[in-house]
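> I have a structure here, written as structure tokens, and I will follow up with some questions on it.
The values are calculated or read from the model by the stated rules, or taken from the named source; none is laboratory data. Predicted model only: the values in this text are computed from it and were never measured. FYI the Cβ positions are ideal-geometry reconstructions off the backbone, even for glycines, and counts take in every protein chain you see.
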Amino acid sequence: MVSWKRKLKMGMVGGGQGAFIGWVHRMAAALDQQIEMTAGCFSRDYENTKITGEQLYLDHRRCYRTYEEMAEKEAKLPEGEKIDFVSVVTPNKSHFPIAKTFLEGGFHVVCDKPMTYTLDEAKELVQIVEKTGLVFCLTHNYTGHPLVRHARKQFAEGEFVTVRKVIVEYLQEFLAVPHEKLGMKQAIWRTDPAQSGIGGTMGDVGTHCVNLLEYITQDPIAELCADKSTFLPDRLLDEDVNALLRFKGGGKGVLAISQVAPGEENGLKIRIYGSKGAIVWAHENPNYMEVYKIGEPRTTITRASGYLSDVAAAATRIPQGHPEGYLEAFATIYNGVTEAVRAYIDGEPLNTGEYNFPTVHDGLRGMQFIYSTAESCDKGSVWVKM
């Protein structure tokens, strides 16, 4: 069956009752009407899975007790009936075994970030993806914003010439209160190294910063020097990190992340200064981007404008003046997955370089960032390679 004659079928592991990101993934996947949810193992608690499945109107026979059972039984279903890909939206600890199981079972994978629990797992997952040739997407959803894609093209075409300085920040109030002690599920696993890994804020928001700056500039971080802090009592993982960055192309950068910053909601912001100009973009106001060029007036460009690039237009759904943000950017990532999976089904798989979404290699970069940052901090804030 050719792929374009039907919607793609999606399964999910995680994202049951009490979870946040699973619902976001499901809304994003459904936005453009190219994907339908057909199966899941939404929780280690089977009652939770059954309730979630009922709310999603799924066939109860395709609501599974374990992800292993799901991979095994889905693989036995006919083409066009079994799931085409699975979305992994569990805590970090289980990302690798779930992704490995489904990839080795012949299924494409969408995975939330950070990609794995350890750096060694990330390296092994790269090998598995390359061996199977299957599609693997990491949902760094901020790269789906139209103006972010426009900025990437500007830098790729040399409009700002050499990158000299990058300032990227991601500030939140989220963990300024000990929510994990108050029963908040999202805070409990994020502050637990047994579930989250060696990085707290580093993994949760720091990997977004690294992915965003490397996506736009296409100039990788070569070295970093970092300092981490944990302020609330009984916390074992970092809540606040500051780092100096050195880029392969010779530029310098500053990264500031915190989840204990009162008054901050979702303060992801990036400023990139080249030798001929600069851009400033903030996620909380994503439909506008400041552009500065030497010798020219400061300008504000707006999403959905006719003067933007083709890549920005391709990621745009609604006219100017109608806010388009988080869910739409997330959906754009899923659109890229749809394109890649359809090409695979039709026997014309895309090269990884043609993917319109973050890949397993971006996931490896995120884990390298976490481990390099931790190493720098543990050695007294020294410079380390990334």
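> Filter segment 344-367 down to the residues that are of a type in the set (Gly, Ala, Ser) and without any contact (Cβ under 8 Å) to a residue 40 or more places away in the chain, then identify the one that is surrounded by the fewest Cβ atoms within 10 Å (Cβ to Cβ).
353
> Go through segment 22-47 and give me each residue that's surrounded by fewer than 17 Cβ atoms within 10 Å (Cβ to Cβ) and more than 30 Å from residue 348 (Cα to Cα).
Within segment 22-47, 23, 44, 45, 46, 47 meet the criteria.
> Collect the residues in segment 295-349 that are under 26 Å from the mean Cα position of the chain (by Cα), assigned to a loop (DSSP other than H, G, I, E, B) and within 19 Å of residue 35 (Cα to Cα), keeping them in residue-number order.
315, 316, 317, 349
> Let me ask you something else. Hey, any hits in segment 198-205 for a residue that's among the β-branched types (Val, Ile, Thr), over 20 Å from residue 263 (Cα atoms) and not assigned by TED's automatic domain parsing to the domain that holds residue 15?
Yes, there is a match, as at least one residue in segment 198-205 is among the β-branched types (Val, Ile, Thr), over 20 Å from residue 263 (Cα atoms) and not assigned by TED's automatic domain parsing to the domain that holds residue 15.
> Please determine, by comparing only the residues of segment 294-331 that are in contact with a Phe, Trp or Tyr (Cβ under 8 Å, 6 or more places away or on another chain) and in contact (Cβ under 8 Å) with a residue 12 or more places away in the chain, which one is surrounded by the most Cβ atoms within 10 Å (Cβ to Cβ).
303
> Which condition from (1) touching a residue at least 40 places away in the same chain (Cβ under 8 Å); (2) under 18 Å from the mean Cα position of the chain (by Cα) is the one that residue 23 breaks?
Among (1) touching a residue at least 40 places away in the same chain (Cβ under 8 Å); (2) under 18 Å from the mean Cα position of the chain (by Cα), the lone unmet condition for residue 23 is (1).
> Hey, another quick one. Could you please give the count of residues in segment 159-176 that are crowded, with 23+ Cβ neighbours inside 10 Å and out of contact with any helix residue (DSSP H, G or I) (no Cβ under 7 Å at 6 or more places or on another chain)?
Initial filter on segment 159-176 (crowded, with 23+ Cβ neighbours inside 10 Å): 160, 163, 166, 168, 170, 175.
Next, from what is left, pick out any that are out of contact with any helix residue (DSSP H, G or I) (no Cβ under 7 Å at 6 or more places or on another chain): none.
Residues meeting the conditions: 0.
> Further question: Looking at 246, 303, which one is out of contact with any His (no Cβ under 9 Å at 6 or more places or on another chain) and either farther than 14 Å from residue 145 by Cα or modelled with pLDDT of 95 or more (or both)?
246
> Let me ask something else about it. What number of residues within segment 224-250 are buried (at least 16 other Cβ atoms within 10 Å of the Cβ) and within 30 Å of residue 152 (Cα to Cα)?
Number of matching residues: 13.
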